[in-house]
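The structure under discussion appears below in the form of structure tokens.
Readers should treat all values here as calculations from the given coordinates under stated rules, not as data from a laboratory. Being a predicted model, the structure only gives us computed values, none of them experimental. Here the Cβ positions follow ideal geometry from the backbone for every residue, glycine too, while neighbour counts run over all protein chains shown.
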Amino acid sequence: MKKVYSLTLNEINSLVDDIRRDFQEGVIILQGDLAAGKTTFVKKIAKKLGYSEDVTSPTFSLQQCYTDKLFHYDIYNHGLEHFIALGMLEELEKPGLHFIEWGSDELVDILTSAGIQTMTIKIKKISDNAREYIICTH
């Protein structure tokens, strides 16, 4: 299934609500250029789930755990092979929502073949205040 949203940053909560309703557990792969809004999207989800602490990209730490059901990964600096070598795929089996910034189609294939519910969100910057979100469930 594929859906496309064109939203301003003020309208993103409608997308967050749709995803929370339709995808309550599994891995969400976030793809997009630098500054496209990947971490901003995770911040909005975390806020919707009642998490009030600061949400930052785990660019250098690889993983952030915000609650026992909300996880955030960034594989930009280390790559998929390093992520797998560290045994991080096992982390993705934990109940909850797992957001992976810079996840590839290869990772999607690995997750779906393992039976892990997976969604891809491709984020494209339209303007300083608007983004296009292409949502695909696998």
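Of the peptides 116-124, 76-84, 37-45, how do they stack up when ordered by the mean number of other Cβ atoms within 10 Å, highest first?
Those peptides, ordered most packed to least, come out 37-45, 116-124, 76-84.
Any idea what log10 I(q)/I(0) is at q = 0.09, 0.12, 0.20, 0.21 Å⁻¹ for the chain, Debye with uniform C-alpha scatterers and no solvent?
Values, matching the q order: -0.23, -0.42, -1.29, -1.44.
Going through the cross-link list 2/94; 94/124; 3/38; 3/48, which pairs have a Cα-Cα distance over 24 Å in this structure?
From 2/94; 94/124; 3/38; 3/48, over 24 Å: 2/94; 94/124.
Counting only DSSP beta bridges with both residues in the chain, what percent are antiparallel, rounded to the nearest 5?
Given both bridge residues lie in the chain, the antiparallel proportion sits at roughly 55 percent.
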